[in-house]
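Computed from the coordinates by the stated procedures, all read-outs in this text should not be read as laboratory data. Everything quoted here is computed from the prediction, not taken from an experiment. Cβ placement follows ideal geometry from the backbone for every residue including glycine, while neighbour counts extend to all protein chains displayed.
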Amino acid sequence: MNNRAAVITGSAGSIGRALCKVFKAAGYKVIGVDIKDQDGVEADEWLHGDLMRFVADDEYRDRMLGAIKAASGDAKIGVLCNNAAEQRLARTEDVSINDWQVSLDVNLTAPFLLAQGLLKDLENAGGSVVNIASIHARLTKPEFVAYATSKSGLVGLTKALAVDLGGRVRVNAICPAAIDTPMLREGFEGRSLSDLDSLRLCHPAGRIGQPEEVAELALWLASPRASFVSGACYEIDGAISSRLHDPA
């Protein structure tokens with residue numbers, strides 16, 4: 001993968017850090033993008049990026065795209081990994097317009113605008129886009145109205161771009177179930193460890209996933225070994241989406 005760059009958003013999070021580490025080990029020049037501090041992230045270049053502003057402000061978007069391209073240097077931008085996400089939880093009657101808009105902007109609109117803005121670079125490199133979606137794109141639960149809608153849209157975007165771009169740029173998605181991240185654990189604040197154990201046991205695999213497992217799948221999807229894979233949405237879910245949950 002020499003002389004190729006991988007652009008990874010949300011690179012300061014657990015999955016983002018794993019993505020940076022795995023792509024760097026595979027020989028990519030890693031460009032990390034995040035609104036948070038990236039201490040300890042294994043990225044060759046780091047860019048502070050506010051995806052809400054990226055969506056809303058044309059001038060900021062142009063500057064950020066220019067900064068990404070400049071950071072790649074002599075390396076061709078071969079991978080865009082849309083990993084950044086916002087998870088705003090509330091029941092239907094309590095979802096604010098701000099939470100709704102933030103979810104759509106960060107989880108759906110920003111990935112589209114990044115793919116659009118880097119399209120020529122990705123095409124010149126024979127590259128690909130890997131979108132980190134979620135099991136919530138297909139199976140969800142209460143309070144995930146905004147998040148599930150945005151991730152469903154990301155899966156739809158993945159398929160639409162793959163068809164529209166044809167052989168120019170491959171586009172795929174990964175739909176993880178429970179992955180051991182701070183975002184997951186924040187949802188269990190104030191609850192007992194037995195609740196987290198229950199979540200683990202809901203997965204037929206008997207555990208929740210690790211960020212590195214998502215990253216390894218992303219690396220494969222971006223590689224020439226997956227050259228005929230486009231428009232696909234890979235579930236990495238410990239078989240939970242295949243399990244029937246009923247009271248008996």
Tell me what the chain gives for mean residue ellipticity at 222 nm when only DSSP H runs of n ≥ 4 count, each as -39,500 (n - 2.57), the sum divided by the residue total, rounded to 500 deg cm²/dmol. -12500 deg cm²/dmol
Reach of LYS141 by Cα under 20 Å, taken over aspartates and glutamates that are not fewer than 8 positions away in the same chain: GLU86, GLU93, ASP94, ASP99, ASP180, GLU186, GLU189, ASP195, ASP197, GLU235, ASP237, ASP246
List PHE144, PHE112, PHE54, PHE228 from most exposed to least, where exposure is judged by having the fewest other Cβ atoms within 10 Å. PHE228, PHE112, PHE144, PHE54
Neighbour-count ranking [beta-carbon atoms within 10 angstrom, fewest first] of HIS203, HIS48, HIS136, HIS245: HIS245, HIS48, HIS203, HIS136
Which label belongs to the value computed from this structure, given these candidates for semi-axes √(5λ) of the Cα gyration tensor in Å: [x] 31, 21, 18; [y] 29, 20, 18; [z] 38, 22, 15? [y]
Quick one: compute a quarter of the convex hull surface over the Cα atoms of the stretch 26-88 and quote it in nm². 5.1
Straight-distance crosslink candidates among lysines, where the alpha carbon sits under 25 Å from LYS21 and sequence neighbours closer than 8 are dropped: LYS29, LYS36, LYS69, LYS76, LYS151
Label 7 Å along Cα→Cβ of ASP164; the stretch 46-62 residues with amide nitrogen under 18 Å? 55-56
Mind checking Rg over Rh on the stretch 23-137, alpha carbons, Kirkwood formula for Rh? 0.99
